[in-house]
1. At R0 = 35 Å, how high is the FRET efficiency between Asp207 and Thr144 if r is their beta carbon distance? Nearest 0.05 is fine.
2. Scan around Thr249 for amide H atoms under 5 Å from its own, H built in the peptide plane at 1.01 Å from N, and keep only partners 5 or more places away or cross-chain.
3. Can you run phi through the Karplus equation (6.51, -1.76, 1.60; θ = phi - 60°) for the range 224-240 and list ³J(HN,Hα) in whole Hz, with x for Gly and Pro?
4. Enumerate the amide H contacts of Lys121 below 5 Å, restricted to partners 5 or more residues apart or on another chain; note that Pro and chain-start residues carry no placed amide H.
5. How many nm separate the modelled label positions at Leu92 and Ile18, each set 7 Å beyond the Cα in the direction of the Cβ?
6. Report the extension gain between Asn254 and Gln194 in nm, rounded to one decimal, defined as 0.36 nm multiplied by the number of residues separating them, less their alpha carbon distance.
7. Grab the other residues whose beta carbon is less than 12 angstrom from that of Lys265, score K and R as +1, D and E as -1, and report the net.
8. Which links in Lys169/Lys280; Lys169/Lys265; Lys121/Lys209; Lys209/Lys241; Lys121/Lys173; Lys241/Lys265 stretch past 24 Å when you go from one Cα to the other?
Amino acid sequence: MKKSNSNKNIIIALIITILIVFLVSMTLFQRNSSKKEGLIQSFTNDIIGMVDKGLSIPLKFVEGSVSSINNLFTTYQENDRLKKKIDEMEALQSENKNYKAENEQLKQQLELNATLSNYEKVSASVINRSPDSWQNIIIINKGTNDGVKPNMPVMGSKGLIGRVLSANKMTSKVELLTSSNQNSNHFPAMVATQSGQMSYGLLESYDSKEEAFVVTQLTGSENVKVGDTVTTSGLGGNSPKGLLIGKVTKVKVNSFGLDKQVYVKPSASMYDFSAVTVIKRLAGSD
């Protein structure tokens, strides 16, 4: 009986020992497995990190390039918008400048008309001036319906600029004093000398180099000096007396030594005018 109990105890102790050894073995195995998993996980994380870092560099470059392109495109659009704005402003400034110039010419024309109270006159606008005949011909918007006739003198803002060459019902052609046609555009002129005497002659041509009219066939030319005022004389009946032409800038003897030529600077601008006045006749004359 005692021997049976002893064997039983031995078996129980052996089972307990086996269980303890098993549990210890399992614990050690789990610890070793955890360490291996930690190393694997760490290695895997390192690989993923390197790959992510390697991919992030070109991705960031691409993102930066796209952003730069977008910024460049936006800048281009903004520059284009600003350029159009500047062009519009320059066009507006140019337009305003033209309006101011036209208004100034109209103002000067009104001032001139106020001094021409002794004359019957017609105010007109220049509607055409061909580049091919810039110094020769202009077209105005008044004609025979307004009383305009050929040979009537035409005034700019400050002085004589030409005469009516031909007239239609609504428009007229004006030949300028700067015309190269020296056979038709002549005006009888007179010079008011500083001595108080009048010297009479003929406005014959325009010298483009001197930018001055040339008056010839002068009477009493010895009294003519630089600075003297030149006007129309009214002789011949084709133009009224006293229309301002300009001032004497030079007096010289012609190539034959027999006659003096007087150079006269025009009082009116011969190149820039948009409004003119046609002189019909002296007020009250038939």
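Each value in this text was obtained by applying a stated rule to the coordinates, not by laboratory testing. Because the structure is predicted, anything quoted here is derived from the model rather than measured. Positions of Cβ are generated from backbone atoms using ideal geometry, with glycine treated the same way; all protein chains shown enter the neighbour counts.
1. 0.55
2. Gly227, Tyr263, Val264, Lys265
3. Karplus-based 3J(HN,Hα) across the range 224-240 equals 6, 10, 4, x, 5, 8, 10, 9, 6, 8, x, 5, x, x, 8, 8, x Hz.
4. Answer set, sorted by chain and number: Lys280.
5. Result for the modelled spin labels: 10.5 nm.
6. Net length gain for the segment: 19.3 nm.
7. Around Lys265, the surrounding residues sum to -1.
8. Pairs exceeding the cut-off: Lys169/Lys265; Lys121/Lys209; Lys209/Lys241.
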